[in-house]
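Single-structure report; data block below.
Each reported figure results from applying straightforward, stated rules to the coordinates on display, with no laboratory input. Not measured: the values here are computed from a predicted model.
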Amino acid sequence: MNRIVLLGTGCPSPSHIRYGPSTLISTEKHKILIDAGSGVTQRLSEFGLAPSEIDIILITHLHSDHIVDLYQLYISGWHTGRTRPFKIVGPKGIKKFFDKTVEAYADELNLRVDWEKRPNHEGLDINIIEIDNEFIYEEMGIKITSIEVQHQPVEPAYGYQVFVDDKKITYSGDTRYSKNLEKASKNAEYLIHEVFVSLAFNEKRMTEDTLKNVKDYHSTPKDVGTLAKAANVKKLILNHFVPPVFDEETLKAEISKYYKGEIIIGKDLDEFVL
Ligand SMILES: [Zn+2]
């Protein structure tokens, strides 16, 4: 059965209900992961999939909450029997980031490899594709394209468009209102979108600028509702809630002023059939 599985719907604030951002698109022949937030391998285990079974990891941008568990995916994929390279697609800079991460663990990994005598080393090979202009992948009923979105000063930042047979799914990544995403999401089966809900001012951890700037590089409920309506998407799934705890009915009511289709407040391990 083809499906979307929300593995983590949170943000950088730790939450035992909402793990870090990560979403799985699972078909008979493909296991595509979008982002590698904190706890992704634990959620994969809850879903019943080994890290070794992931074919490709699409990274949206280099904010830590989206990439913090990449190494855990890499090493646990090898432990669970991956015999092909660990494949990542992401923005410029992802190669430097991951090479440095691997270097930081190199002494530990060398000791482990020598001691554990595992049957293969091919699973430790790494294949990283940095998106230059646009990433396009097409194979066995799946098509993926990258969408440049607006998350400055973090740039480039990408969303993704995935076709499973004739069904289109779009994924926002972190972004302000993005015209590119609106265009790519036209008549999509599912739009999975981040949302900035609200943040109460707290002088111990914020300045006035913190509040303004964090809100400024995300999408408000109005932005999300307006985009979903303009693109005429069939279903809107929300994830990456800032903050991870909020009033769900208020959020739904706010978005439904602009978008009259189905609005789903995503939860970790929610599944959607394609
Ligand atoms: Zn971000």
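Observations on the structure shown:
- Vicinal HN-Hα couplings computed from phi for the range 35-45 (Karplus, 6.51 cos²θ - 1.76 cosθ + 1.60; Hz; Gly/Pro x): 6, 9, x, 4, x, 4, 6, 5, 5, 4, 5
- Summarising the amide proton neighbourhood of residue 56: residues at separation of 5 or more, or on other chains, whose placed amide H is nearer than 5 Å comprise 31, 33.
- Relative contact order for the chain, counting Cα pairs under 8 Å that sit 6 or more residues apart, in percent: 19
- Evaluated on the chain, the Kirkwood hydrodynamic radius is 19.0 Å, with distances taken between all distinct Cα atoms.
- Cα Rg, Dmax, the range 51-95, angstrom units: 10.6, 29
- Pairs spanning more than 32 Å between alpha-carbon atoms, out of 222/267; 117/267; 143/229; 204/234; 95/257; 92/117: 117/267; 204/234; 95/257; 92/117.
- Applying the Kirkwood pairwise sum to the alpha-carbon positions of the range 1-64 produces a hydrodynamic radius of 11.8 angstrom.
- Phi-based couplings in Hz for the range 82-95 (Karplus 6.51, -1.76, 1.60; Gly and Pro marked x): 5, 10, 10, x, 7, 10, 10, 10, x, x, 3, x, 5, 5
- Amide proton proximity set for residue 167, modelled H, under 5 Å, gap of 5+: none
- Distant-in-sequence amide contacts of residue 86, defined by a placed amide H-H separation under 5 Å and a gap of 5 or more residues or a different chain, comprise 125, 126, 127.
- Coarse-grained scattering of the range 1-112 at q = 0.23 Å⁻¹, given as base-10 log I(q)/I(0) from a Debye sum over alpha-carbon atoms: -1.40
- Cross-link reach list, aspartates and glutamates versus residue 186, counting only Cα pairs under 17 Å and skipping chain neighbours closer than eight places: 148, 165, 166, 223, 262
- Rounded to the nearest Hz, the phi-derived 3J(HN,Hα) couplings of the range 218-230 under the Karplus curve 6.51 cos²θ - 1.76 cosθ + 1.60 (θ = phi - 60°) are 10, 9, 7, x, 5, 4, 5, x, 5, 5, 4, 5, 4, where x marks glycine and proline.
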